[in-house]
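Below is one structure, written out as structure tokens; comments come after it.
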Amino acid sequence: MINPNVSKEPCLVFSVFKDYGPEILFNNSNLDENTALTLVMSGMTLVEMNKQSIGRVDGTKNPKMLGPIPVPDHESLKAIAVPFETEITSSADERIAASGHRLCVAYFIFEGIAVREVFDSYGLIEPYFTLIGRGLQKESNINPTSIKNLYDRMIDMFSGKIPRVFGVNPDNTLKEMIGKRLEYSDTYLLCDLHKKEMYILLYNPSLDVWRKRDIFKLASELNSSMFRSALRIKTIEEVKEMTRILEILNIEISPV
């Protein structure tokens, strides 16, 4: 999972608002059809109340997570909803045809104990979902196979296979970065959840002792607050070793 102390993977219920109402296109949970549809209906109501949360997977506006939503008849489960619009192929509904888009909502279902870890990771989940969901920009591309691919890639993130990378700003605040090519920063905190290690990559060899002290403090606080001190912290200053780690994780740093 996002947090190495939570191991159970989420399930997915994916719905599309068709002309006749919501339709479930993908469901790999243990929820029966009626329960899944009840979840979808309650989620659609929440989305309609928070229309500003509806984004698009073309990169113009990231979808916003909503929830946690109670899962009907399953007290130990919670769901988060990620709503976005897709370009329609055609529609007999005048309102949908006029807008040119229809609503899709992905419901990721978690054990209730994982909710805190999920919401601690807003900074990664929303842009990452937008990034890997680019293939769902058009309704014609949305089918059980494409949704399963989206799910598998999200699971790579939830399971820790996708490292979390934070750039350290000049004012000692953190900015989480996504993608394989990262913008330049003089220092990165690279969190490999799979190996349970946090690497402090000191890209700038001229950092003074006070700046280094602040960075070490930031790394320790991040490890404690987000990962419950589950990561071993290692400082890397040699360029050759930094390059080796980044290549293993398939990450590239943009030039200055």
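If you filter segment 149-165 down to residues that are in contact (Cβ under 8 Å) with a residue 24 or more places away in the chain and in a helix (DSSP H, G or I), you find that the one that is surrounded by the most Cβ atoms within 10 Å (Cβ to Cβ) is F158.
Among the residues of segment 189-202, how many are more than 16 Å from the chain's Cα centre (by Cα), on the phi < 0 side of the Ramachandran plot and in contact (Cβ under 8 Å) with a residue 24 or more places away in the chain? Steps first, please.
Residues of segment 189-202 more than 16 Å from the chain's Cα centre (by Cα): 189-190, 194-202.
From what is left, the residues that are on the phi < 0 side of the Ramachandran plot are 189-190, 194-195, 197-202.
Pick out the ones that are also in contact (Cβ under 8 Å) with a residue 24 or more places away in the chain and you get 189-190, 194, 197-202.
Of the residues in segment 189-202, 9 are more than 16 Å from the chain's Cα centre (by Cα), on the phi < 0 side of the Ramachandran plot and in contact (Cβ under 8 Å) with a residue 24 or more places away in the chain.
Name the residue that is modelled with the lowest pLDDT, counting only residues in segment 103-115 that are buried (at least 21 other Cβ atoms within 10 Å of the Cβ) and part of a strand (DSSP E or B). Ranking the qualifying residues of segment 103-115, first place goes to F110. Here F129 meets each of (1) of a type in the set (A, V, I, L, M, F, W, C); (2) touching a residue at least 24 places away in the same chain (Cβ under 8 Å); (3) not assigned by TED's automatic domain parsing to the domain that holds H101 with one exception, condition (3).
In segment 166-180, what residues are part of a loop (DSSP other than H, G, I, E, B) and either of a type outside the set (V, I, T) or outside the structural domain of D214 (by TED's automatic domain parsing) (or both)? I'd like the intermediate steps shown before the answer.
Our first condition is that a residue be part of a loop (DSSP other than H, G, I, E, B); within segment 166-180, this holds for 169-173, 178-180.
Residues satisfying the conditions are N169, P170, D171, N172, G179, K180.
Are any of the residues in segment 35-58 within 30 Å of G179 (Cβ to Cβ), among the acidic types (D, E) and in the same structural domain as K138 (by TED's automatic domain parsing)? Within segment 35-58 (the criterion being within 30 Å of G179 (Cβ to Cβ), among the acidic types (D, E) and in the same structural domain as K138 (by TED's automatic domain parsing)), the answer is yes, since at least one residue qualifies.
Hey, among the residues in segment 131-148 that are within 19 Å of the chain's Cα centre (by Cα) and assigned to a helix (DSSP H, G or I), which one's nearest to L182 (Cα to Cα)?
Filtering segment 131-148 for residues within 19 Å of the chain's Cα centre (by Cα) gives 131-137, 146-148.
Checking the rest, the ones that are also assigned to a helix (DSSP H, G or I) come to 131-132, 134-136, 146-148.
Values: L131: 14, I132: 16, R134: 19, G135: 22, L136: 24, S146: 26, I147: 27, K148: 27 Å.
This residue is L131.
State yes or no: is S42 under 23 Å from the mean Cα position of the chain (by Cα), over 19 Å from M154 (Cβ atoms) and surrounded by fewer than 18 Cβ atoms within 10 Å (Cβ to Cβ)? The answer is yes for S42. Filtered by the rule that a residue be of a type in the set (A, V, I, L, M, F, W, C), modelled with pLDDT under 75 and either surrounded by 17 or more Cβ atoms within 10 Å (Cβ to Cβ) or closer than 19 Å to N27 by Cβ (or both), segment 116-139 gives a lone residue, V118. Scanning segment 203-256 for residues that are surrounded by fewer than 13 Cβ atoms within 10 Å (Cβ to Cβ), in contact (Cβ under 8 Å) with a residue 40 or more places away in the chain and in a strand (DSSP E or B) gives a single hit, E252. Among the residues of segment 171-183, the ones that are farther than 17 Å from L249 by Cα, loosely packed, with under 13 Cβ neighbours inside 10 Å and touching a residue at least 12 places away in the same chain (Cβ under 8 Å) come to 1 in all.
Looking across segment 45-70 at every residue that is of a type in the set (A, V, I, L, M) and closer than 14 Å to S15 by Cβ, the one that is surrounded by the fewest Cβ atoms within 10 Å (Cβ to Cβ) is identified as L46. Pairing residues of segment 15-33 that are closer than 24 Å to I96 by Cβ and modelled with pLDDT under 95 with residues that are of a type outside the set (A, V, I, L, M, F, W, C) and part of a loop (DSSP other than H, G, I, E, B), at Cβ distances under 6 Å and at least 6 apart in sequence or on separate chains, gives D19/S91; D19/D93.
The values are calculated or read from the model by the stated rules, or taken from the named source; none is laboratory data. This one's a predicted model, so the numbers in the text were calculated from it and none came from an experiment. FYI the Cβ positions are ideal-geometry reconstructions off the backbone, even for glycines, and counts take in every protein chain you see.
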